[in-house]
Amino acid sequence: MPFGTVPAMHTGTDEATWRLNFQAAAAAGARTVRLTPKAYPAGLFDYPAFLKEVVAAYERAIAIARPLGVKPVIEMHSGNLAITPGLALQIVEHFSPQDIGLILDLPNFAREGGVHPQLCLSVVRDYVDHCHLGGYRKNGGQYDAYGFRQNTGEMCALSESDLPIPRWIELLAELATPQRPIPLIIEDYSANISGELRLRRSVAEARRLPQLALPQIKRA
């Protein structure tokens, strides 16, 4: 089992909880545990001081995780301190890629923080651990009380995403090596379609890309 996922754990969580989840991951044979930066304030805040606090938390977390053979990974997710490659690098550059990694989240890049894939991967290339592969598109939006349109969006098929999914896959395949694979985890929460159909759709569309084409299984 390559991954451990702890959705509620962040840098503001107490160290006893970190240790428990790192130990559980090690016991299960998982090599990574997701540890999100704690939420930044709703208003203006002292970014350098907040960043320093978050980096110090990861330093403590790594000290707990490393002896267990696991490492924390940060999801580049909408609404957190690591959504853009530059912001994520501000955190991880203090550590070795062997001790901390990043989860590229393509649906969230389409929501917030998205940059051209060649720029993103050039900035964080050494720290990329794995990728959440999914589609997201902006829709018509809603108007606020002042009559200004506010963007809203929805998850969708890979082929309907606002991001250039084929280019992302092309560059991720270029970055990956046999010694350092970059797994793709399908993530699709599209409404009004079953989980099975979402998975089948995503796999079928991904296989259209040459980097992900798989040989057809011959049945007797």
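The values are calculated or read from the model by the stated rules, or taken from the named source; none is laboratory data. Note that the structure is predicted; figures quoted are calculated from it, not measured. Ideal geometry is used to build each Cβ from the backbone, glycine not excepted, and the neighbour counts take in all protein chains shown.
Of all the criteria given as (1) in contact (Cβ under 8 Å) with a residue 12 or more places away in the chain; (2) more than 22 Å from residue 75 (Cα to Cα), the one not satisfied by residue 210 is (1). Annotation: of all residues in region 89-120 being of a type in the set (A, V, I, L, M) and out of contact with any strand residue (DSSP E or B) (no Cβ under 7 Å at 6 or more places or on another chain), the one that is modelled with the highest pLDDT is 89. Evaluating residue 206 against the criteria (1) buried (at least 16 other Cβ atoms within 10 Å of the Cβ); (2) closer than 23 Å to residue 81 by Cβ; (3) in contact with a helix residue (DSSP H, G or I) (Cβ under 9 Å, 6 or more places away or on another chain) leaves one unmet condition, (2). Before we move on, is residue 75 in contact with a His (Cβ under 9 Å, 6 or more places away or on another chain) and either among the aliphatic types (A, V, I, L, M) or within 30 Å of residue 153 (Cβ to Cβ) (or both)? Against the criterion (in contact with a His (Cβ under 9 Å, 6 or more places away or on another chain) and either among the aliphatic types (A, V, I, L, M) or within 30 Å of residue 153 (Cβ to Cβ) (or both)), residue 75 qualifies. Looking at region 126-140, can you tell me whether even one residue there is under 16 Å from residue 107 (Cβ atoms), of a type in the set (A, V, I, L, M) and in contact with a Gly (Cβ under 8 Å, 6 or more places away or on another chain)? No, because not a single residue in region 126-140 is under 16 Å from residue 107 (Cβ atoms), of a type in the set (A, V, I, L, M) and in contact with a Gly (Cβ under 8 Å, 6 or more places away or on another chain).
When 86, 114 are checked against the criterion of being surrounded by fewer than 16 Cβ atoms within 10 Å (Cβ to Cβ), in contact (Cβ under 8 Å) with a residue 12 or more places away in the chain and out of contact with any Pro (no Cβ under 9 Å at 6 or more places or on another chain), 86 stands alone in meeting it.
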